[in-house]
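The next block holds one structure in the form of structure tokens; read it before the comments.
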Amino acid sequence: MVSLETIFGSVPGDPLRGLTLVDQRWQSLRQGTLPIPSVVSQGSTSGSTDVDFDLVIAGGTLGILLAASLQQKGWRVAVLERGRLRGRKQEWNISRHELQVFLELELLTTDELETAIATEYNPARISFHQGYELWVKDVLNIGVDPVYLLETLKQKFLHQGGHLLEYCSFTQAIVEEQNVTLYYQTQGQPEKLSTRLLIDAMGHFSPIVQQVRNGDRPNAVCLVVGSCAQGYAPNPSGDLIATITPILNQCQYFWEAFPARDGRTTYLFTYLDPDPARFSLEFLLSEYCRLLPSYQTCDLADLTFQRVLFGFFPAYRQSPLTMPWDRLLAVGDSAGGQSPVSFGGFGAMVRHLPRLVTSIDQALAQNQLSRQDLALLQPYQPNIAVTWLFQKTMSVGINQSVGSGQINDLMSSVFQVMDNLGDEVLKPFLQDVIQFSGLSQTLPRVDLRLVLPLLPRIGLPALADWLVHYFSLARYSSLYHLGQPLQSSLARWLTPEQQFRWQRRFEAWQYGSGQDF
């Protein structure tokens, strides 16, 4: 096998050095040796009501979406970003209808939105080794240019009076009765500011999140490697999910591919537990290089690699994460608001953006910034919780013995059933939106001969836990439909504070049952 240095050594940016650093973090996570920071504390004074900002968002990559929306509403907003606020070159994939949010919130004009779309392809394939294959259109087939999108939102944010602190690293926050005092480093110098509300958008490895998690290891991890390269044969289609092998190395390899503006992007990903015996990202990247020629019918020597991609995405059952302090809210990957089978936070952030903008705006307007009120902004979502069982069926324990085709056979059967049921069942599922109606139509039609062998691997406690979430999904769906007629009439009888809490519960039923789709 050709070495990774030979294959990727000429790629700009020294990606293999970055791979080593990420691998070290992955190893520390597996071994439980990641340090637990202590960066948030409760102040002993009442604090001053005279603050610098209404809200500060720590983490600008996805935080700028919220920042631009809330600055537009007239709040004093600051964004803290440890480097330069700039999107990466690799496109973010999403479905076109989801992008309407940017028009509805008046973040982009129609022309700007079209400019932000770097690529669009159809159709997309779903295929399983020695199993079922189907093709879909208009699902996650849009590649958004993060560089253009974030720069456009950044400039609009600044034009509207927003305050951007680039090359500023968050170090500490002290939560007091009337405000949060936030400390940060810029060019080696300590600085501070005060805000009514601090929003953590720093991602999975936010020091605030690590403090709250208190060393808990994730329940599952999605490991991802890939590249963008030129030299492939022309191919206008993509793969949403594909397998080309049986279970290998105690996991199932899944593939994704799609046209990119400067080549073709391919990913290899897998679902694992964080057992210390699990392999490294370097090993997975070697497997990617070994199997890529078979997957894309190509020769590595013919490819010119533009970028190398790698990472790992932890998932916790205790999600979305709520903060144990007043005036502090986690969003996006920091909150763990996406399902454990998804490794792209952009789609989840866009999906929840209207809800978050409305609720944060109201929380600031009514000063409902207690931890109890802010917890309503990141509620339990049964349609996310039920996907834990799906993730478990797509993974293998480090010491479990299973048939090599078990995962492929099950996935093949499930997608054949959904394909037969039609787009109203299939398309929400592919976009990480689980609905009770679709799930209830699908499950009884899956071949029991494929399901029963899974039970020893999954375990009865996990199945019982899943049933709780499944019935909660049914309950949330019913409550959403029952609550719709009450929306306008309740407003006349409730105080503003009660209206805030009612609206958050109604949104929890809506989003938690997938009725926002």
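Being crowded, with 17+ Cβ neighbours inside 10 Å and of a type in the set (S, T, N, Q) is the filter here; which residues of segment 295-315 pass it? Step through it out loud before you land on a result.
First, the residues of segment 295-315 that are crowded, with 17+ Cβ neighbours inside 10 Å: 295-296, 298, 303, 305-315.
Result: Gln296, Gln306.
Which ones in segment 225-246 are farther than 14 Å from Leu292 by Cβ, surrounded by fewer than 21 Cβ atoms within 10 Å (Cβ to Cβ) and hydrophobic (A, V, I, L, M, F, W, C)?
The answer is Ile241, and nothing else.
Could you list, in sequence order, all residues of segment 459-500 that are in contact (Cβ under 8 Å) with a residue 40 or more places away in the chain, closer than 20 Å to Ile434 by Cα and open to solvent by less than 40 Å² (accessible area, probe 1.4 Å)?
If the condition is that a residue be in contact (Cβ under 8 Å) with a residue 40 or more places away in the chain, closer than 20 Å to Ile434 by Cα and open to solvent by less than 40 Å² (accessible area, probe 1.4 Å), then Ala462, Trp466, His469, Tyr470, Ser472, Leu473, Tyr476, Ser477 are the ones that fit.
Being in a strand (DSSP E or B) and surrounded by fewer than 21 Cβ atoms within 10 Å (Cβ to Cβ) is the filter here; which residues of segment 190-211 pass it?
We begin by selecting, within segment 190-211, every residue in a strand (DSSP E or B); these are 190-200.
Matches in segment 190-211: Pro190, Glu191, Lys192, Leu193, Ser194.
Kindly evaluate Asn214 against the criterion of being touching a strand residue (DSSP E or B) at 6+ places or on another chain (Cβ under 9 Å) and open to solvent by 20 Å² or more (accessible area, probe 1.4 Å). Full working, then the answer.
Numbers: touching a strand residue (DSSP E or B) at 6+ places or on another chain (Cβ under 9 Å): no; open to solvent by 20 Å² or more (accessible area, probe 1.4 Å): yes.
Criteria not met by Asn214.
Give Ser127, Ser95, Ser69 a once-over and let me know the one that is among the small types (Gly, Ala, Ser), touching a helix residue (DSSP H, G or I) at 6+ places or on another chain (Cβ under 6 Å) and in contact (Cβ under 8 Å) with a residue 24 or more places away in the chain.
Values: Ser127 fails: touching a helix residue (DSSP H, G or I) at 6+ places or on another chain (Cβ under 6 Å); Ser95 fails: touching a helix residue (DSSP H, G or I) at 6+ places or on another chain (Cβ under 6 Å).
Answer to the check: Ser69.
Give, as residue ranges, the helices (runs of 4 or more DSSP H) completely inside segment 3-73 that count at least 3 residues that are open to solvent by 80 Å² or more (accessible area, probe 1.4 Å) and over 24 Å from Ile174 (Cα atoms).
In segment 3-73, the matching helices (runs of 4 or more DSSP H) lie at 15-31.
Determine which single condition Asn383 fails, assuming it passes every other condition in (1) under 19 Å from Pro340 (Cβ atoms); (2) open to solvent by 10 Å² or more (accessible area, probe 1.4 Å).
For Asn383, the exception is condition (2).
Per-residue answers, yes or no, for (1) surrounded by fewer than 20 Cβ atoms within 10 Å (Cβ to Cβ); (2) aromatic (Phe, Trp, Tyr); (3) touching a Phe, Trp or Tyr at 6+ places or on another chain (Cβ under 6 Å); (4) closer than 30 Å to Asn141 by Cβ:
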site: Gly332; (1), (2), (3), (4): no, no, no, yes
site: Gly345; (1), (2), (3), (4): no, no, no, yes
site: Pro354; (1), (2), (3), (4): yes, no, no, yes
site: Ile360; (1), (2), (3), (4): no, no, no, no
site: Leu369; (1), (2), (3), (4): no, no, no, no
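Determine which member of the set Asp302, Asp333 is of a type in the set (Asp, Glu), closer than 30 Å to Arg96 by Cα and in contact (Cβ under 8 Å) with a residue 40 or more places away in the chain.
Only one candidate passes the filter, namely Asp333.
Take the residues in segment 144-200 that are within 12 Å of Gly60 (Cα to Cα) and not hydrophobic (A, V, I, L, M, F, W, C), then tell me which one is nearest to the chain's Cα centre (by Cα).
Asp200
Go through (1) open to solvent by 20 Å² or more (accessible area, probe 1.4 Å); (2) at pLDDT 95 or above; (3) out of contact with any helix residue (DSSP H, G or I) (no Cβ under 6 Å at 6 or more places or on another chain) and name the single condition Leu376 misses.
All conditions are met except number (3).
Within segment 414-429, count every residue that is in contact (Cβ under 8 Å) with a residue 40 or more places away in the chain and either among the polar types (S, T, N, Q) or open to solvent by less than 30 Å² (accessible area, probe 1.4 Å) (or both).
Within segment 414-429, residues that are in contact (Cβ under 8 Å) with a residue 40 or more places away in the chain and either among the polar types (S, T, N, Q) or open to solvent by less than 30 Å² (accessible area, probe 1.4 Å) (or both) number 4.
Go through segment 468-490 and report how many residues are among the hydrophobic types (A, V, I, L, M, F, W, C) and closer than 17 Å to Tyr511 by Cβ. Show your work before the answer.
Quick first cut of segment 468-490, residues among the hydrophobic types (A, V, I, L, M, F, W, C) only: 468, 471, 473-474, 479, 482, 486, 490.
Those still in the list that are closer than 17 Å to Tyr511 by Cβ too: 473-474, 479, 482.
Going through segment 468-490 one residue at a time, the tally reaches 4.
Taking segment 354-406 as the region of interest, how many residues are in a loop (DSSP other than H, G, I, E, B), out of contact with any strand residue (DSSP E or B) (no Cβ under 7 Å at 6 or more places or on another chain) and among the hydrophobic types (A, V, I, L, M, F, W, C)?
Total satisfying the criteria: 4.
Could you list, in sequence order, all residues of segment 324-353 that are among the aromatic types (Phe, Trp, Tyr) and either assigned to a loop (DSSP other than H, G, I, E, B) or within 19 Å of Phe500 (Cα to Cα) (or both)? Before the answer, list the steps.
Pass one, segment 324-353, residues among the aromatic types (Phe, Trp, Tyr): 325, 343, 346.
Answer for segment 324-353, where residues must be among the aromatic types (Phe, Trp, Tyr) and either assigned to a loop (DSSP other than H, G, I, E, B) or within 19 Å of Phe500 (Cα to Cα) (or both): Trp325, Phe343.
The values are calculated or read from the model by the stated rules, or taken from the named source; none is laboratory data. Because the structure is predicted, anything quoted here is derived from the model rather than measured. So basically every Cβ, Gly included, is an ideal-geometry build from the backbone, and we count neighbours across all protein chains shown. Keep in mind that these areas ignore ligands, DNA and RNA; they rest on the heavy atoms of the full protein, side chains included. Shrake-Rupley method; radii C 1.70, N 1.55, O 1.52, S 1.80 Å.
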